[in-house]
């Protein structure tokens, strides 16, 4: 009994630490995305709705061989313009249509810290924007989009964004993420981006 009690306390302390880091925009070290999701779910405050995004990455060389699985790379930052657009969707069919178009992945090498007011990537480059999949994640309150982005030039991929248009330097930005471990790619290499937006109801 005492051993079980101690183990539970240790686990609860670990989950609280993981959740605190994630809510502060820090990718917890040494844990998986699923562990972060569990920590956030189990430490939710009552009567609070949460929305957060997570980005994972894998890198493939020009021959299609995976060379790195970087796993969870970002837990921030959903933008204010997107949240406003989400609210507008209840009032406007035009805004509602735009919500369904957030499947476009873009990359860049800008290192300026993410801000909720971001409208674009700091320096979008390396290859064209690409449209990804549009599915649910592990549960129906998670939106998931996956796409393999091809580098047209050598660069270090530092930032990633989800947009509603493939036109460079245009459109609405759902989330801008700085990559925790920025991969350096050569022309012809590919980065698989998996972005998940979770919207939790009140407990």
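Run down 197, 119, 174 and say which single residue is in a strand (DSSP E or B) and in contact with a helix residue (DSSP H, G or I) (Cβ under 7 Å, 6 or more places away or on another chain). Show your work before the answer.
On the way: 197 fails: in contact with a helix residue (DSSP H, G or I) (Cβ under 7 Å, 6 or more places away or on another chain); 119 fails: in a strand (DSSP E or B).
It is 174.
I want to confirm something. Restricting to the range 79-98 and keeping residues that are over 17 Å from residue 169 (Cα atoms) and either in contact with a strand residue (DSSP E or B) (Cβ under 8 Å, 6 or more places away or on another chain) or in contact (Cβ under 8 Å) with a residue 24 or more places away in the chain (or both), which single residue is surrounded by the most Cβ atoms within 10 Å (Cβ to Cβ)? Out of the qualifying residues, it is 85.
Given the criteria surrounded by 14 or more Cβ atoms within 10 Å (Cβ to Cβ), touching a residue at least 24 places away in the same chain (Cβ under 8 Å), out of contact with any strand residue (DSSP E or B) (no Cβ under 8 Å at 6 or more places or on another chain) and in the same structural domain as residue 71 (by TED's automatic domain parsing), does residue 129 qualify?
Values: surrounded by 14 or more Cβ atoms within 10 Å (Cβ to Cβ): yes; touching a residue at least 24 places away in the same chain (Cβ under 8 Å): yes; out of contact with any strand residue (DSSP E or B) (no Cβ under 8 Å at 6 or more places or on another chain): no; in the same structural domain as residue 71 (by TED's automatic domain parsing): yes.
When the stated conditions are applied, residue 129 does not pass them.
The set of residues in the range 80-91 that are in contact with a helix residue (DSSP H, G or I) (Cβ under 9 Å, 6 or more places away or on another chain) and assigned to a loop (DSSP other than H, G, I, E, B) comprises 89, 90.
So that you can scan it fast, the table gives a plain yes or no per residue for (1) more than 30 Å from residue 153 (Cα to Cα); (2) part of a helix (DSSP H, G or I); (3) at pLDDT below 95:
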site	(1), (2), (3)
5	yes, yes, yes
8	yes, yes, yes
11	yes, yes, yes
14	yes, yes, yes
35	yes, yes, yes
41	yes, yes, yes
46	yes, no, yes
59	no, no, no
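Here residue 35 meets each of (1) in contact (Cβ under 8 Å) with a residue 40 or more places away in the chain; (2) surrounded by 15 or more Cβ atoms within 10 Å (Cβ to Cβ); (3) on the phi < 0 side of the Ramachandran plot with one exception, condition (1). Scanning the range 96-115 for residues that are more than 18 Å from residue 181 (Cα to Cα) and part of a loop (DSSP other than H, G, I, E, B) returns 100, 101, 102, 103, 115.
The lone criterion from (1) more than 15 Å from the chain's Cα centre (by Cα); (2) closer than 25 Å to residue 148 by Cβ left unmet by residue 81 is number (2).
The values are calculated or read from the model by the stated rules, or taken from the named source; none is laboratory data. Computed from a predicted structure; not experimentally measured. Glycine also receives a Cβ, built like all others from the backbone with ideal geometry; neighbour counts cover every protein chain displayed.
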